[in-house]
Amino acid sequence: MDWDLLLALATGVGLAAACGLRAFLPVLAVGLAARFGLLELRPGLEWLAGAPALWALGTATVLELAADKVPVLDHALDALGTVLRPAAAALGAFAVLQGWGTPWAQLFALAMGAGALAVHGAKAHVRVGSSAVTLGTANPVLSALEDALSFLLVALAVLVPLVALAFVALLAYALVRAFRRRRTA
């Protein structure tokens, strides 16, 4: 087994799951990690570690994190995130798939985009329920929890990818189980 390929896969899964919560933070982390030598990017994607990309991604991350705390704007971001988050996940996952050949890297990146869309859908479902029950007053708290989870997933994906993979698998299992339990109730 090639450990480098497995680690790249685990990193991509963790980043894609984080993109389901926040579009720009994981891609910013990829660029920063590459800039500081923690990750190696696929050829042609080194621009993610460049100053213009880091400034743009940093600004977009701050705006996304702040706007998600404002009722009404959070739902607008969720609508926009339906397109942005899968695209960010595909880009972030593809960027770290060093050593994966064609077409496997591209196919995996597309699958990770779909995974991010699933995470985004679950998050949006919870957010709509929160808005209905609390009239949006709990949404900033949920947003802060999503921020923390996204930061955690990104850190795990970059620093200990296999732990990130296990964490994502555990979260997926818990979500599937919760939805099944809810359907039978």
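The values are calculated or read from the model by the stated rules, or taken from the named source; none is laboratory data. What you see is a predicted model; the values in this text were computed from it and never measured. Cβ sites come from the backbone with ideal geometry, for glycine too, and all protein chains shown count toward neighbours. For the accessible areas, the whole protein counts, side chains as well, though only heavy atoms, and no ligand, DNA or RNA atoms are used. Shrake-Rupley method; radii C 1.70, N 1.55, O 1.52, S 1.80 Å.
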Answer with yes or no whether Ala67 is under 22 Å from Leu152 (Cβ atoms), modelled with pLDDT under 95 and surrounded by fewer than 20 Cβ atoms within 10 Å (Cβ to Cβ).
-> yes
Is it the case that Ala174 is open to solvent by less than 20 Å² (accessible area, probe 1.4 Å), under 29 Å from Lys69 (Cβ atoms) and assigned to a helix (DSSP H, G or I)?
-> no
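Could you check the stretch 40-54 and list, in sequence order, the residues that are aliphatic (A, V, I, L, M) and open to solvent by 30 Å² or more (accessible area, probe 1.4 Å)?
The answer is Ala51, and nothing else.
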When residues of the stretch 74-92 are filtered for being surrounded by 14 or more Cβ atoms within 10 Å (Cβ to Cβ) and within 18 Å of Val126 (Cα to Cα), how many remain?
-> 6
Candidate set from the stretch 7-38 (those that are open to solvent by 30 Å² or more (accessible area, probe 1.4 Å) and in contact (Cβ under 8 Å) with a residue 60 or more places away in the chain); member that is nearest to Leu171 (Cα to Cα) | Leu9
